[in-house]
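Please read the structure below before turning to the comments.
The values are calculated or read from the model by the stated rules, or taken from the named source; none is laboratory data. Model, not experiment: these values are computed from the prediction. Please note: Cβ atoms are built from the backbone with ideal geometry, for glycine as well, and neighbour counts cover all protein chains shown. Ligands, DNA and RNA are stripped out before the accessible areas are found, and what is left, the full protein with its side chains, is counted by its heavy atoms. Shrake-Rupley method; radii C 1.70, N 1.55, O 1.52, S 1.80 Å.
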Amino acid sequence: MDSAPSDNAATYLGSNTQTLVKVLVAGPFGVGKTTFIRALSETAPLHTEETMTQASASVDSLIGVRDKVTTTVAMDFGRRTLTDDLVLYLFGTPGQRRFKPLWEDVSRGALGALVLVDTRRLGDSFEVIDLIEESGMPYAVAVNTFDDAPRHEPEVLRDHLDLDPRTPLVTCDARDAGSAVDALIALVTHLLTDPPDAAPEAVPDAAPEAGLPSGTATAGDGGR
Amino acid sequence: MSGRRSERRLVPAYMATGGRAAPSRNTFDRLTLLSAAGGPLPGRLAPAQRRLAELVNGGPLSLAEAAAYLVLPVSVVRVLVADLVDLGVLHARAPVPRAEQHDPRLLERVLSGLRAIR
Ligand SMILES: Nc1nc2c(ncn2[C@@H]2O[C@H](COP(=O)(O)OP(=O)(O)OP(=O)(O)O)[C@@H](O)[C@H]2O)c(=O)[nH]1
Ligand SMILES: [Mg+2]
């Protein structure tokens, strides 16, 4: 009936909407991507179900029966109307290399990526940062400050994540809209100041093998 | 704990050529802006086509949002959009072209929009 509320009552875009832009919110499992998107979005986060077929893991090839594995991934996203005609979409993007085809599809046309990092498990973010660097997409890193997480000096984090000195490194609370906006402002400011085409090739550097002697950071002044 | 580069493995970049060589139905991006063309719906639409047409009749949406509301995979909705554009039921407007993705004027607009909602 006409009066019955739709089971999928849509929140439509304004009729003057012209330009849709997107930013990826990337990071490992549980780092706060959905929380970040929810804090910023004008609607509850939506999601699409994506089916991925991939080559089997080694276990399967040992058994020799299956050669494909199908995985379903939920991709969540949200949107925020910035002006009458300009709308920003945020796409939560899983950081695993096995989702790379999905990653490539979602990242097409993105302005850039915000990588969320949890200092309790920094290593979990290496894979997603590598993926983004391989794609050539500009990015900023936001440390999502979980209450019990260790606090590192920015230069120590930079060194450990091997960030380019120009890559913004900020802290944020993904639950707080203002803090999330600030992280995006850092990203977009970076996009304006350091356009990707102007960026020179990364200089090969020695792998930091030693454990994390504090106070011996080598990444310049480390930004802030 | 060792640094990131020690785990690093390089594969070729895809972004340099990524957007252009896509097959035609892939030209409908998640951010393709869908709006109703306005006329009456043709009588003979498949159920999924009709659901999409009726959804967009309510107002403009991105393709990704249409997929989420219809609980359909993005790949399926891309095909439905292509069908409905061919039938003259939907308008589909491409998102920002790749060349304008890094346009400082666009980025300035995004930045001032973000500052305004801060
Ligand atoms: N204390 C604190 N908790 C947070 C913060 N951000 C997220 N959380 C919590 O961390 C948990 C995981 O957050 P999600 O937003 O679901 O993380 P996600 O990256 O979307 O996770 P997946 O989709 O599973 O990869 C949730 O219980 C959040 O409430 C934060 O800034 N501070
Ligand atoms: Mg999530």
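Side notes on the structure shown:
- Per-residue 3J(HN,Hα) values for region B:63-72, derived from phi via the Karplus relation 6.51 cos²θ - 1.76 cosθ + 1.60 with θ = phi - 60°, read 4, 4, 5, 4, 4, 5, 5, 7, 6, 10 Hz in sequence order (x marks Gly and Pro).
- Working from label points 7 Å from Cα in the Cα-to-Cβ sense, the A:ARG151 to A:ARG121 distance is 2.4 nm.
- 5 angstrom amide H check on B:ALA37, placed H, neighbours 5+ away: B:LEU90, B:HIS91
- Once A binds B, the 1.4 Å probe can no longer reach about 5600 Å² of accessible area, counting both sides.
- Interface residues of region B:84-108, defined as those losing at least 40 Å² of solvent-accessible heavy-atom surface relative to the isolated chain (probe radius 1.4 Å), are listed as B:ARG93, B:VAL96, B:GLN101, B:HIS102, B:LEU107.
- Whole-Hz Karplus values for region A:40-46 come out as 9, 7, 7, 10, 4, x, 9 Hz, taken residue by residue from phi with 6.51 cos²θ - 1.76 cosθ + 1.60 and θ = phi - 60°; glycine and proline positions read x.
- Share of pairwise Cα separations in region B:42-118, more than 20 Å, in percent: 46 percent
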